[in-house]
Protein chains: 2
Amino acid sequence: MPPAMKRKAARSAMKHKAAGGAAMKRKAIKTIVKKIARARQAQKAGRGKAAGKDASPAPRGGKSVEQTYQKKTQVEHILLRPDTYVGSVEMQTDTLWVWDKDAGEMQSKSVNYVPALYKIFDEILVNAADHLTRDKSMDCIKVEIDVKQGRIKVTNNGKSLPIQIHKTHKVYVPELVFGHLLTSDNYDDSEKKVTGGRNGFGAKLTNIFSNRFVVETAGKGKVYRQQWTTNMSRKGKPEIKRYTGPEYTSVEFWPDLARFGMDHLEADTVALMRRRVYDLGGTSGTRCAVHLDGKLVPLKSFEDYCALFHSGEGHVYNKPNKRWELLVARSDGDGFQQCSFVNAISTPKAGTHVQYVVDQLIDAILAKANKAAGKGSDIKRVQVKNHLWIFVNCLIENPAFSSQTKEMMTLKASSFGSTCDLSKAFIEEVIEKTDIVNAVVSDAQARMTAQMDKTGKSGVKGKRILGIPKLEDANEAGGKKGGFFVACGIICYFCCFLVAVSISCHIVVGCS
Amino acid sequence: MPPAMKRKAARSAMKHKAAGGAAMKRKAIKTIVKKIARARQAQKAGRGKAAGKDASPAPRGGKSVEQTYQKKTQVEHILLRPDTYVGSVEMQTDTLWVWDKDAGEMQSKSVNYVPALYKIFDEILVNAADHLTRDKSMDCIKVEIDVKQGRIKVTNNGKSLPIQIHKTHKVYVPELVFGHLLTSDNYDDSEKKVTGGRNGFGAKLTNIFSNRFVVETAGKGKVYRQQWTTNMSRKGKPEIKRYTGPEYTSVEFWPDLARFGMDHLEADTVALMRRRVYDLGGTSGTRCAVHLDGKLVPLKSFEDYCALFHSGEGHVYNKPNKRWELLVARSDGDGFQQCSFVNAISTPKAGTHVQYVVDQLIDAILAKANKAAGKGSDIKRVQVKNHLWIFVNCLIENPAFSSQTKEMMTLKASSFGSTCDLSKAFIEEVIEKTDIVNAVVSDAQARMTAQMDKTGKSGVKGKRILGIPKLEDANEAGGKKGGFFVACGIICYFCCFLVAVSISCHIVVGCS
């Protein structure tokens, strides 16, 4: 990551300059310049190796066949092309909901964050949530975000991992699970599971993007501890000791911040991570207590959680069955808004689970809206959707996602393993409490009027159907409007005529 | 894929029943039932192996540790969890633009397709487009979609691959490139490349999801041919012969349709693939002739290509430099529409390249719209964006995407390796020809009126800023409007008064 490191060096230098600590500044620059030099050396060594005396003559741009066509190990590939595994390692700016610790509330604001860093934190959280689904005795998840040390720790009090050698792969099970790629306890699809883990990358990605990664699992008289360092490249020996306390499993890691262009856990990143812990608190049900930095997250239900985002009246909550719960509110009309979870995984790009629920709502609201708008109205589905704000928390059997970052679910509704049929009563309540039908109709009518005003000046039409009322209806509406003006004109004209006649009479009479 | 196969068996049976071919029906069912049986046997064998006498006692749901914690090879993983590599293998229904061969035009319609099947076709097309970027002598790509045989072939007339042994990996270069995962000629990021290949999966994914996959590459006196069968699991020996014709490389494959729940290349899928060939024809510049099923795709430029989607006036095309070209039109106002390409890769979920261009347009249009709307107006960016329809074709250095399916680019603008500054003249032309400022203003005003009408009835407001004019401005606007009505009232009242006075005078005078 030389460019990220360069940025980091510059930023670090500026920061220390501002602080006035000349010695610290020198030290920071020295450390980072060393890292860059190491990265460059490694790159050169790689090239030198391929360019050795064995290499074939250069076919392209002065490179040998061996230099041109390269093969990577999977860990090398993950570090070289992180995007498809954990998302971008570049800093980006987005408007997101984050937890403001000082204000004690959710805030939607512009934040600078690195998606990949957020994701490796998320993977460990989802692991803990999965354990909660599998282990009915578990009732606590503790998360520590230690900004000073750049250290994160997630502990759960569920059953420990088996502390024994895996007979096929000849290593301890915890080592296989946390230190070997493409290992998972979720590969058997004949088992219908409602967990988040699917691919066998999860915690290994966190390990690969960390300077140090420590696993502990304790239970049945033993505690197992193992450490990896330098992006999972150095594996420590498993330490097994006698233990008599309650069962637990913890994952503690120091993210390789230089890979994310940072030299410390930045405030926006931490606020986003804290929000994710609140997500967990809001979606993990009543059984599990979630702690953040030693304090209990005070959320008892998904409804409590939703209330962090919207305030005031006009929303409806419903839990049709054990696997589905949702809350419907109204957006400001400029676009669909959603907040959704599948098996504790946050799905900011929604997917089939959200579409499934939204389609039912749109069907009902659209029918009402078209009826209310009267003959000739032809409101589009998107016009209804733009007014919806929906929160969904669901459990789906063996879900499929559009990528390893799991931001969008793609499994089709018939494979969900459950249904969420919205009752007529619920939909009626949504319509009544949110006043959404009126909002949709008045918007559509306003848009229609605006469309008609523009006749003759409109832009590119293409081969699309515009979804506005049919031409004859629009003309008819225009005709009615015209008629009103004509009637007004006649009345005015008649008044003026009367006035003129009266005045002239008056004058004539007065003169006589 | 037993569920997909079951579906396929049922569909196939129904189809043949409808056709009345009893013998064919029996044959189809027999073939598919055999496949299902084979798949089940393989699954059982796998479980049996893990459940052998070596296995540890069952820790979870009656399974041994070895059954619970599994490790996969990468090819096994790709076939088991295709989603993150090639997208969903489930049939889905979307409204998409496809090429209607009979009508000879692009049509936006509801199509049933399997994203993964579309993607493995796309990978081979992008390979050919990449070769075009690297090899300045190449000028032809031929695509055959043979529905009868369920066979696809893509041929280019660029320079052949090196027909020699790779000294590090001890296999022929074409075998390494098409038959070994995580191999690529695009791993060196110190080279600034504007190609689509990045990850080293590409063609291997097509090979893995095919029953048969054949590569030929010919040049410098030799022709190399190699075949893989059964999802890349069986590798044929390379055949090398003398050859004196022009250089070429071809990839021919028979997709494993059963994995996609199909027994033939379905019409919608083929229409979508044909559209993708037209994409290539429209984005590959003037140098390269693209042929589809033996016929030249009649597109000479990106502007020609865009005209397949919109028709009529009101759009503006611009090519600020060699790496960027774009066309701007107006959408119907209900949502942003876009069609974009990065290094010949179609990006249906847009990304940073589209945002980069759109932001410049929104800045300019928003300023004009707020000015036109008058004091107190506060039109939101999304309200402008909802009126835009944009086509972008660009070349980006070492692009990064949100997933292996590359539907969205994530590289930030500062790393594009080029800029696309829209000139003032171009933006003026867009504003003039599309009449977008008027459209945005009249929509915003209509929405504002609708919002004010709803005062007291509005839904959930939450902690959002609604983006409508500030309350005092809205009141002021209301005040002005009110003033107009008051003035009208006074005039009317005065008229009536005059009439009444005149009439009474008249009567009095008449009586006198």
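Rule-based calculations on the coordinates, nothing more; no lab input. All values reported here derive from a predicted model rather than from experimental measurement. Glycine gets a Cβ as well: all are built from the backbone with ideal geometry, and neighbour counts include every protein chain shown.
Remark: mean inter-chain Cβ contacts per residue of B:192-201 equal 2, using a 10 Å Cβ-Cβ cutoff to other protein chain atoms.
Along the stretch B:149-159 the Karplus relation, 6.51 cos²θ - 1.76 cosθ + 1.60 evaluated at θ = phi - 60°, assigns HN-Hα couplings of 8, x, 10, 10, 9, 10, 10, 10, 9, x, 4 Hz to successive residues, with x for each Gly and Pro.
What is the list of residues in the stretch B:85-128 whose amide nitrogen lies under 20 Å from a point 7 angstrom out from the Cα of B:ALA289, following Cα to Cβ? Inside the label zone: B:128.
Peptide B:380-387 is shielded by partner chain Cβ atoms: per residue, an average of 2 of them sit within 10 Å of its Cβ. Taking the Cβ-Cβ separation of B:VAL171 and B:ASN112 as r and a Förster radius of 56 Å, what is the calculated FRET efficiency to the nearest 0.05? After rounding to 0.05, the efficiency reads 0.90. Rounded to the nearest whole Hz, the Karplus-based 3J(HN,Hα) values (6.51 cos²θ - 1.76 cosθ + 1.60, θ = phi - 60°) of the stretch A:166-176 follow the sequence 7, 5, 7, 9, 6, 9, 4, 4, x, 5, 4, with x at glycine and proline. In the stretch B:236-384, Rg over Rh equals 1.11, where Rg is the alpha-carbon radius of gyration and Rh the Kirkwood radius from pairwise Cα distances. For the stretch A:102-110, 3J(HN,Hα) computed residue by residue from phi via the Karplus equation (6.51, -1.76, 1.60; θ = phi - 60°) reads 5, 6, x, 8, 6, 10, 8, 8, 6 Hz, glycine and proline entered as x.
Taking Cα pairs under 8 Å and at least six residues apart, what relative contact order does the stretch A:344-433 come out at, in percent? Walk me through the intermediate numbers first.
Values: 69 pairs, mean separation 36.0, N = 90.
Once normalised by length, the contact order is 40 percent.
Across the identical copies, the 7 Å label point of A:ALA372, projected outward along Cα→Cβ, sits 3.0 nm from its counterparts, in ascending order. Shielding by partners for peptide A:432-444, expressed as the average number of C-beta atoms from other protein chains within 10 Å of each residue's C-beta, is 3.
Report note on the peptides B:413-422, A:401-410: ranked by the mean count of other C-beta atoms within 10 Å, highest first, their order is A:401-410, B:413-422. The listed peptides A:63-69, B:198-204, ordered by packing as a protection proxy, come out as B:198-204, A:63-69 (highest mean of other Cβ atoms within 10 Å first).
How high is the FRET efficiency between A:LYS375 and B:LYS101 when r is their beta carbon distance and R₀ equals 60 Å, given to the nearest 0.05? FRET efficiency, A:LYS375 to B:LYS101: 0.90.
Under 5 Å between amide hydrogens, built in the peptide plane, is the criterion, and for A:PHE401 it picks out A:THR410 among residues at least 5 positions away or on other chains. Over the stretch B:301-465, Cα pairs under 8 Å with separation of 6+ residues give a relative contact order of 30 percent. Each copy carries a label point for A:PRO246 at 7 Å from Cα toward Cβ; from one copy, the others' points are 7.6 nm away, ordered from shortest. Applying 1/(1 + (r/R0)^6) with R0 = 30 Å to the Cβ-Cβ distance of B:THR93 and A:SER423 gives a FRET efficiency near 0.70.
All Cα-Cα distances of the stretch A:75-300, cut into 5 Å bins from zero to the largest, leave 1, 6, 14, 18, 20, 18, 12, 7, 2, 1, 0 percent in each bin in turn.
Placing a label point 7 Å from the Cα of A:ALA413 along the Cα-to-Cβ direction, the distances to the matching points in the other copies come to 3.9 nm, shortest first.
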